[in-house]
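Trainee: I'd like to ask you about the structure that follows.
Just so it is clear, none of the values below were taken in a lab; they were calculated from the coordinates. As the structure is a prediction and not an experimental result, all values here were calculated from the model. Note: ideal-geometry Cβ built from the backbone for every residue, glycine included; neighbour counts use all protein chains shown.
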Amino acid sequence: MNPTLFFPLPIFLCLVWLLILPLIRIIESKINYWQIKGSISIFWSILITGSIVYELIDIKANGAREISPDFQNLDIFHVLSFKLTQQNLMIALIVSFLFFAIMLFSWKYLRWETLLDDYGSYKLYYYFLFFSCLTGFFVVLFANDAFLIFVGWEMMVIPGYGLVSIRPTKRSAEAGIKYAIISSIGSIFILYAVALIYQITGTLNLDEARTRILAINGIETDVSVWLAISFIIIGFGVTAGFAGFQTWIPDAYGEAASPVGAFISGTFTIASLIAYYKLLVYLFPVSIFDYAWLFIVGGLITMSLGNSNAFFQKDYRRILGYSSVSQRGYLLFGIGLVLTQVGGLSVTESIPSIELGFKIIWMFAISFAILEGLLFLIIGKILFMGIIDNSKHESRVKGALMNYPYLSTILILTCIGLAGLPPTIGFASKLSLIILAGMTSIPIIFILIFLINSALSLVYYSRIIQNLVFTKPYKREEIGKIPSSMNISITLVFIVGLIIGLQPNLILVYL
Amino acid sequence: LLLDLLFIVPSVVLILIFLLYTARIQINTNIYWILSLITGLFTVIINITLLINYNQNEVKESILGVWLTLGDYSISLSYYLDAWSITVGLISSILTLVIIYFSKYYLQEGNRVIKYYAMILTFLIGMQMLVYANNLIFTFFGWELVGICSWLLIGFFHYKEGKDGEKANLSGRKALIVTGVADVGFLVAIILIVFSQISNGMTSILEINGIFSSNISNIVAIALIIAAMGKSAQFPLHFWIASPDSIDIDAMQGPTTVSALIHAATMVNAGIYLIARTTAFGVNAEVYFWIFLIGLITAIFAGICALNTNDIKRILAYSTISQLGFMFIALGIASYGSFIALWHLTNHAFFKALLFLAAGILIHLAHTRKINELEGILRSNKILLGATLLAFATLAGIPPSAAFFSKDMIIHKVYEEYGITYFILTLIAVGLTAAYVFKVVRVLTFKSESNATNSLEFIPKSTMIILSVLVILSIFSFQFLKFFAWDNSPSHMLDFSLALVLSLIAIVLGSALGYHTIVVKKFIPIWLDHLVREAFYIDHFFSKVGKLLMNLSYQISKQTQSGSHYWNLAQFSISAIVILVVYLFFSVGGFL
C-alpha cells in the first residue's frame, strides 16, 4: 500500500523520523556516541527538502493534487484531506530549507546552549520537538479540512512550548509556560471556530464548506458566522502576534535557544497566516463579511507596539522578539490591504485580487522567516563565540563582530534587509507591500503610520549593527575554533536571501 | 551592454574584494586601492563613451528583464539614458575616481581601508543605479544604497578611542535615520503613482517615462520633495550634514574624502536630480513656489550659520547646504529651472570636492579643524593657495567663474518669476555666500602670523595633481552647458541687466562683510550671536522631539510588556472582548 495516498510525502517522511528517533537514542546510549541523531536529522531534513522539490516538479507538470483517501463507511478518514499546490509547496520548500540550515547549525551548538555535559536526553527532546513542529506545520500547510488544520496547529504549537523552554533555566521554563497558557486559550477559540464552521455548513472540508456558505441565503446575518470569524481572528492571533495577544513573543524569543528562535519566529508566523487564509479569507469571503479593517487597525497597533518596545531592549534576542512583533504587524496590515483591495467586488471578481495580494503576503512572510531566522543564527553564533557568562546583554557582546568581516557583512545586510533596505529579500518584499498599498484606496494616514514605523525601525536595527560591529570589543574569553557547520548554515541562508532579493520572480511565480 | 558593464564590473570587483578580505588573505592594501582605482577608471570610460555616442535630444530606454511580476503588473529592470543622466553619471564617476586616488594618500588606516574601498565601490554602484534607472523602484534602490554607504562611511572612524569613535557612530546613525524618515516621502510617492497608473490601466508600472512625461499630481510632487529635502539637506532636515559645534554630531565626522565625495558633490545631489526630473515636465505653480521657498530659506539659513562657525569642515558643510538651497531655488523656477539647477549642480560638484580635499590636507597637516588655529596656513604652499582661492572664488560666484553664470541665471529668473521681494532675498543669500567665503579666505591666507606647525611643505605631489585636475574640471564645468543646452537653452544668457549688476553688488557687499566680520560682530547682540552659533536650535529641537518620542515609547513599553502573567492574560481578554464587541456591533450593524 502506498503511504503517500494518506499523507503528502514530506509529512510521511517527518512521521517516519519521529518513529525512528527514540530508537536511535537507545543505540546512542549503547555505544556512548551522541552525534548520530543530529547527523541523521541533517540528512533527513535534506531528504524532506528533496521530497518537496520532487512534489513541486510533479505538481508543476501535472497541476494541483488532492490527497483524500476514500475508506468506505469510515468517516474519520474523510478528515484526512490534503491539497498540494505550487504555492504551498514553495512555502514548504523555503521552510524546510530553513529547517535544514537550523539542523546544521544545531549540530555542534546544542551542547553549549544547554550548558550540560550530559546532554544526550536533551538532544532527543530537541530533535523530536523540532520534527514534530515541522510535521504540524506541514499539516497546516497542506490540509484541506478545518479540523485537520486544528490538529496540525496543535501538533506544531505544543512542541513549540517545549522548544521555548528547552534550555535548563528558570526563565526559559517561565517563558514556555507563558506561551503555553496564552496559546492554549487561543486554541480553545480555534476549536470553537471549527465547531461553528461545522454547525453552519455541516462539513469540515474547506472547498465544500465554502460552496455551502456561498449558497446559504442570509448568511451575512447569521450570528454564528460572525462569532466564527471573531474566534478565528482571536485564536490564531496569539501566534500571529495580533495586538494584545503578542505579549508572549518577547519572553519566548528572549529565552529560547537561538536555533529555536530562528525556526519558530518565521515558521509559526507563516503557519498562522496560512490558517487565516484557509479558515478566514477562503471560507468567509471578505466581500460578504467585512473584517478587513480589523487587520488594518490590528496590524498598525501591533507594528507600533513592536517598534516602540524594541527601542529600549538591551537583550539581543528580546530585540529580535519585538522586531518579530513589528514584522508581524506589517504582515497583518498587509492582509488588511489585500482584503481592502477587494472592497466592493463580488466574490468571484475578488478571487484574482486576493490571490495576487496573498502572493505579496507570502513573499513578505518568507522574507521575514529568512532574515529573522538568519539574525537569530548570527546572534546564536555570537553567544557561542563568547562563553564568558552566557549573557545576551548588549554590553557583554559589544563589538563581538568587529574583527569578523564576513559575519559582520552578513549581519549588516540582514538588519538592513529587515528594515526594508536593499539588496536582500527584505527590500523586494517591503517594496511589494508598498506596491500593494498603492493598489488599494485606504486612507493615506494608515499608510503613513506603516511607513513611519518602518523608517523608525532603523533606530534599533542600526543600533544592533553599531553595537556588534562598530564598537570596541568587550574583553571576553573566546571559545577558540568555531564549528564550520555554523558558518555554512548562516552562509546558505544568506545566499538564498540575497538571490531572492535580487531576483524575487524566482519564487514569486510559484506563490 | 555598456550600461550592463557599468554595474557588472564594479559588482564583480566588490565581490572579489569581499572574498579576499574575508578569507583573510594577507595582501598589500595597495592591491585593493589599485582594484578600486581601475574600477573607477572603468566607469569613467564607460560614461565618457556614453557621452560621445549620445545624440542630442535622444532618450534611450533599454529593458534588461522583468524584476518583479505581480499578476498583470510588472516592474522592469531597465535603463534610461538622456543628457541629464549621462551628465550626472559622468560627474559622479569622475569624482569617485578622484577620491579613490586621493584616499591612498589621505587615509593610512591599515586594513580598515579595505572596508572603505568596498563601501566607495558600493556607493559608485548605487549612484550609477540611481542616475540611470528607468524605474522608480530602482531609483529608490540606488537611493537607499548610497544612503547606506553614507551611514557606514560617516561612521568609518568608529574604532577611534574615546568620544571620537562614539561621535562617528552616532553621526552615521543620525544621517541614516533622518534621511530614512524623509524617505517616507519617496515611498508615499511610489504608492500614489502606482495607484494612479493602475487606475489608468497601465501594466508596466513606475517607469520613469510613464511617470514624468505627464504632469504629476501635487501630492506626489510634495512627497518627492520631502524625500529630496532629506537627501539634499534642505531646511529643516539639514542637520544631519552640519550641526552646531556644541552638538558636533553630523556627517562631517566621516573622513574628509567621504565628505567631499558623498556629502558635497554626489549623493546630496540625488534629491536635486530627482526633483529636476519630476518638475521638468511640469507641476502646479504652487508646487514650484514651495520648492523655491524651501531653497531660499535653506540658502539664507545656511549662509548665516556658516558665518558663525569655527570648524572649517562645518563651514564647507553649511556652504554645501546653502548651494543645494540655490539649486532648490532654481528648481522652483518653472521655465528652465531644472536645467539651471543641474548646471549649478555640475559647477558645484567640482569646486566643492576641491575645497573639501584642500580642507582635508589642511586638517591632516595641522591636526585641527578649528579655523582660528589655521591662520595663514595657505601661504606656505602656492599650488594649494591657488587651487583653494579659485574654488572659493567660484563658490562666492565671482566672475568669470562657472558658478557666477549659473547663479546669475538663477537670480535673473527669480526676478522674472517671483518679483522684487524674493529677488532681494535671493541677493541676500548670494551676499551671505560671499561673506562666509571671505571670512574663511581672510583667516587662511591674509593673517599675518602663521603657526609654526602649519607648514605645508611635505604635501605629496600626487595630491597636488588631484587638486590641479579638480581646478581644471572646475574651470571647464562651464562646458557642460553645451551638453545640456541643445534645444532647451534659456533665452537669458548673461545679457547685461540690472539683475546682473545687483548680484555683483551683493557679492561685493557680502565680501566686505565677511572680510570685516570681527568689526561687524561687535554690533550684533549676544543673544543673536548665540542663536546663530547654535544654528537656530533646529538640531536641539529635533533632539528634544526624539527624546520625547523615546520617553513615550518607554512608557508604552512599560505598560504593555510588564512580564506579568496576569497582565498578559488581561491584555488577551481586553483584546478579545474588543474584537468581539466591536466586530459584532459595528460590522454586523443593526441585525442583533
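Trainee: In what order do B:S462, B:S503 fall by count of nearby beta-carbon atoms within 10 Å, going from fewest to most?
Mentor: Ascending number of Cβ neighbours within 10 Å: B:S462, B:S503.
Trainee: Report the extension gain between A:M402 and A:F43 in nm, rounded to one decimal, defined as 0.36 nm multiplied by the number of residues separating them, less their alpha carbon distance.
Mentor: Working it through step by step, the gained length comes to 125.8 nm.
Trainee: Output the Kirkwood hydrodynamic radius of region B:262-322, Cα pairs only, in Å rounded to one decimal.
Mentor: This gives a value of 12.9 Å.
Trainee: Something else about it: Farthest toward the dipole's positive end in the protein assembly as shown, which of A:L104, A:L401, B:I377, given Cβ charges of +1 (Lys, Arg) and -1 (Asp, Glu) about the Cα centre?
Mentor: Result: B:I377.
Trainee: If you don't mind, another one. Considering every residue in B:147-153, what mean count of other chain Cβ atoms within 10 Å of its Cβ is obtained?
Mentor: Neighbouring Cβ atoms belonging to other protein chains average 3 per residue here.
Trainee: Say R0 is 45 Å: what FRET efficiency, to the nearest 0.05, do A:D207 and B:A23 get from their beta-carbon distance?
Mentor: Efficiency at R0 = 45 Å is approximately 0.25.
Trainee: While we're looking at this one, here's another question. With each label point set 7 Å from Cα along the Cα-Cβ vector, what nm distance links A:A64 and A:Q503?
Mentor: 2.8
Trainee: If you don't mind, there's one more thing I want to ask. For region B:335-451, what is one quarter of the convex hull surface built on the Cα atoms, given in nm²?
Mentor: Across all orientations, region B:335-451 yields a mean hull projection of 7.8 nm².
Trainee: Related question: When the Cα atoms of region B:141-192 are enclosed in a convex hull and the volume is divided per residue, what value in Å³ results?
Mentor: It is 45 Å³ per residue.
Trainee: If we restrict to alpha carbons, what Rg and Dmax does chain B come to, in Å?
Mentor: 25.2, 91
Trainee: Which one of B:A270, B:Y132, B:I190 has its Cα pushed farthest toward the positive end of the charge dipole of chain B, where Lys and Arg give +1 and Asp and Glu give -1 at the Cβ?
Mentor: Result: B:A270.
Trainee: Return the ratio Rg/(2.2 N^0.38 Å) for region A:279-387, where Rg is computed over Cα atoms only.
Mentor: Ratio of Rg to 2.2 N^0.38 Å for region A:279-387: 1.32.
Trainee: Oh, and also: In region B:264-370, how does Rg compare with the Kirkwood Rh, expressed as the Rg/Rh ratio over alpha carbon atoms?
Mentor: Rg/Rh for region B:264-370 comes to 1.06.
Trainee: How much mean residue ellipticity at 222 nm does the protein assembly as shown get from its helices, if each DSSP H run of length 4 or more adds -39500 (n - 2.57) and you divide by all residues, to the nearest 500 deg cm²/dmol?
Mentor: -24000 deg cm²/dmol
Trainee: Moving to a separate point now. In nm², what is the average projected area of the convex hull enclosing the Cα atoms of the protein assembly as shown?
Mentor: 45.2
Trainee: Just to be sure I understand the model, the point goes 7 Å from the Cα along the line to the Cβ. What's the resulting A:Y282 to A:I20 distance in nm?
Mentor: Simple spin-label model gives 3.1 nm for this pair.
Trainee: Residues with amide H under 5 Å of B:K160's amide H, sequence separation 5 or more or different chain, H placed in the peptide plane at 1.01 Å from N; which?
Mentor: B:G165
Trainee: Further question on the same structure: If amide H atoms are built 1.01 Å from N in the plane of the peptide, which residues on other chains or at least 5 residues away come under 5 Å of the amide H of B:D311?
Mentor: HN-HN under 5 Å from B:D311: B:I371.
Trainee: So, one more: So if I place +1 on the C-beta of Lys and Arg and -1 on the C-beta of Asp and Glu, and nothing else carries charge, what would the dipole magnitude of region B:515-592 be about its Cα centre? I want it in debye, nearest 20.
Mentor: 240
Trainee: Report the calculated FRET efficiency for B:V501 and B:I524 (r = Cβ-Cβ distance, R0 = 25 Å), to the nearest 0.05.
Mentor: 0.30
Trainee: Tell me, what is the percent relative contact order of region A:136-219, built from C-alpha pairs under 8 Å that lie six or more residues apart?
Mentor: 26
Trainee: Next question. Indicate the gyration tensor shape class of region B:1-71 (rounded, prolate or oblate), computed on the Cα atoms with a ≥ b ≥ c the square roots of the eigenvalues: a/c under 1.5 is rounded; otherwise a/b larger than b/c is prolate and the rest oblate.
Mentor: Because a/c hits 1.5 or more and a/b fails to exceed b/c, region B:1-71 counts as oblate.
Trainee: Now for a separate question. At what distance in angstrom do the alpha carbon centres of region B:220-282 and region B:503-534 lie from each other?
Mentor: 26
Trainee: Here's a follow-up. How long, wide and thick is region B:226-296, going by the Cα atoms along their three principal axes, in whole angstroms, largest first?
Mentor: Here the Cα extents, ordered largest to smallest, are 40, 24, 16 Å.
Trainee: At q = 0.06, 0.08, 0.09 Å⁻¹, what log₁₀ I(q)/I(0) does a Debye calculation on the Cα points of chain A give, no solvent, two decimals?
Mentor: -0.26, -0.47, -0.59
Trainee: Residue separation times 0.36 nm, minus the C-alpha to C-alpha distance between B:L548 and B:L2: what's the value?
Mentor: That pair, B:L548 and B:L2, stretches by 191.5 nm at full extension.
Trainee: Going by the alpha-carbon gyration tensor, a ≥ b ≥ c the square roots of its eigenvalues, is region A:127-230 rounded (a/c under 1.5) or, if a/c is not under 1.5, prolate (a/b greater than b/c) versus oblate?
Mentor: Oblate shape, in that a/c is at least 1.5 and b/c is the bigger or equal ratio.
Trainee: Here is a further query. Could you tell me which of the pairs B:K231/B:K558; A:K60/A:K123; B:K115/B:K407; B:K104/B:K352; B:K167/B:K370; B:K160/B:K439 are separated by over 28 angstrom between their Cα atoms in the structure shown?
Mentor: B:K231/B:K558; A:K60/A:K123; B:K115/B:K407; B:K160/B:K439
Trainee: Restricting to Cα pairs below 8 Å that are 6+ residues apart, what does the relative contact order work out to for region A:408-498? Please round to a whole percent.
Mentor: Relative contact order, region A:408-498: 35 percent.
Trainee: Further, regarding this structure: With 10 angstrom as the radius, rank B:I190, B:I52 by how many other C-beta atoms surround their C-beta, starting from the fewest.
Mentor: Least to most surrounded, the residues fall as B:I52, B:I190.
Trainee: Cα atoms only: what Rg and Dmax, in Å, come out for region A:213-351?
Mentor: 16.4, 56
Trainee: Now, a different point. Looking at region A:171-234 from every direction and averaging, what is the projected area of its Cα convex hull in nm²?
Mentor: Orientation-averaged projected area of the Cα hull: 4.8 nm².
Trainee: Once a ≥ b ≥ c are taken as the square roots of the eigenvalues of the Cα gyration tensor of region B:1-139, is the result rounded (a/c under 1.5), prolate (a/b larger than b/c) or oblate (a/b not larger than b/c)?
Mentor: Verdict is oblate for region B:1-139.
Trainee: From the phi angles alone, apply the Karplus equation (6.51, -1.76, 1.60; θ = phi - 60°) to region A:51-61 and give each ³J(HN,Hα) in whole Hz, x where the residue is Gly or Pro.
Mentor: My calculation for region A:51-61 gives 5, 5, 4, 4, 5, 5, 5, 4, 5, 5, 7 Hz in order.
Trainee: Amide H of B:W67 versus every other amide H placed in the peptide plane: which residues, excluding those fewer than 5 positions away on the same chain, fall under 5 Å?
Mentor: Placed amide hydrogens put B:I75, B:S76, B:L77 under 5 Å from B:W67.
Trainee: In debye, nearest 20: dipole of the protein assembly as shown around its Cα centre with unit charges on the Cβ of K, R (+) and D, E (-)?
Mentor: Around 2960 debye, computed over the protein assembly as shown.
Trainee: By count of other Cβ within 10 Å, fewest leading, how are A:Y404, B:Y318 ordered?
Mentor: Final ranking by Cβ density, sparse to dense: A:Y404, B:Y318.
Trainee: Now a separate question. How much of the DSSP beta bridge set in the protein assembly as shown is antiparallel, as a percent to the nearest 5?
Mentor: Approximately 95 percent, going by the DSSP bridge assignments.
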